[in-house]
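Notes follow once the structure below has been shown.
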Amino acid sequence: MTADILLHPGTGQGGGQDHWSPGDQVLWRYRGNATDRVHICRPVTVVRDDAELLAVWMAPGTECVRPVLADGTPIHQEPLETRYLKPRTTSVDRWWGSGVLKLARPGEPWSVWLFWERGWVFKNWYVNLEEPLLRWPGGVDSEDHFLDIHVGPDRAWHWRDEDEFEQAQAAGLMPAATAERVREAGRRAVGVIRDWGHPFDEGWQHWRPNPAWPVPALPVDWDRPAR
């Protein structure tokens with residue numbers, strides 16, 4: 001069975017219905033900032049998809065696409081001052097850490113990710129500020145907004161990547177108006193955290209994946225247009 005057959009929209013939008021079914025395999029992608037080109041692609045398995053929430057599971061060992069500098073240098077190894085000024089390309093790698101559960105509410109400018117240590121010891125929630133997800137038959141697309149929020153098991157939170165957020169603005173990747181919109185989204189997300197609203201109060205840290213689910217394959221046409 002080829003990767004193109006393995007990765008399918010199932011009974012979701014590509015099948016003429018409004019939502020995907022648990023076990024369907026789709027793509028969770030990010031476009032590059034100030035460009036429509038996809039530079040991050042992660043095959044995931046649908047856990048839940050309805051009018052209130054999309055939940056997907058990225059399994060350990062998943063083959064993913066990530067951005068790298070044009071010479072192959074990992075982005076995080078480049079000094080922050082020049083990180084957004086050098087040309088980039090993409091590379092295929094595997095997610096070797098513990099799996100990640102991603103939760104997104106329709107129209108919300110962030111998604112909430114859950115991380116575990118080995119042995120299913122819950123590590124933290126991670127609020128990824130981003131454009132609201134755009135659904136298409138093969139998955140969802142967004143654009144990362146650099147700024148994030150770390151939330152510990154004790155509900156304590158702090159901002160993450162504020163330096164990258166500022167540097168992205170300095171490099172011209174984010175206009176001032178967009179940056180203020182992102183900051184406001186972050187403040188609203190902090191309000192949800194303080195009130196312990198959805199999805200933090202839903203017990204997702206106790207969720208476990210179906211052991212029968214295979215690891216989704218990365219299709220050859222992972223960067224195909226969303227339509």
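Just so it is clear, none of the values below were taken in a lab; they were calculated from the coordinates. Just so you know, these numbers come straight off a predicted model, no measurement behind them. Reconstructed Cβ throughout: ideal geometry from the backbone, glycine too, with neighbour counts over all protein chains shown.
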Would you call Ala212 small (Gly, Ala, Ser), more than 30 Å from Pro43 (Cβ to Cβ) and without any contact (Cβ under 8 Å) to a residue 12 or more places away in the chain?
-> no
Of all strands (runs of 3 or more DSSP E) fully inside region 57-121, the set with 2 or more residues that are over 13 Å from the mean Cα position of the chain (by Cα) and in contact (Cβ under 8 Å) with a residue 40 or more places away in the chain is 62-69, 88-95
Any hit, region 81-95, residues being farther than 26 Å from Pro22 by Cα and among the acidic types (Asp, Glu) | yes
Residue check for Arg181: of a type in the set (Lys, Arg), closer than 28 Å to Ala59 by Cβ and surrounded by 13 or more Cβ atoms within 10 Å (Cβ to Cβ) = no
Has region 149-162 got any residue that is within 15 Å of the chain's Cα centre (by Cα), buried (at least 19 other Cβ atoms within 10 Å of the Cβ) and touching a residue at least 40 places away in the same chain (Cβ under 8 Å)?
-> yes
Those residues that are touching a helix residue (DSSP H, G or I) at 6+ places or on another chain (Cβ under 8 Å) and either surrounded by fewer than 17 Cβ atoms within 10 Å (Cβ to Cβ) or basic (Lys, Arg) (or both), I need them from region 69-124; list them, please.
-> Ile75, Leu80, Glu81, Arg83, Arg88, Phe122
Of the criteria (1) farther than 24 Å from Pro43 by Cβ; (2) within 14 Å of the chain's Cα centre (by Cα), which one Glu166 fails | (2)
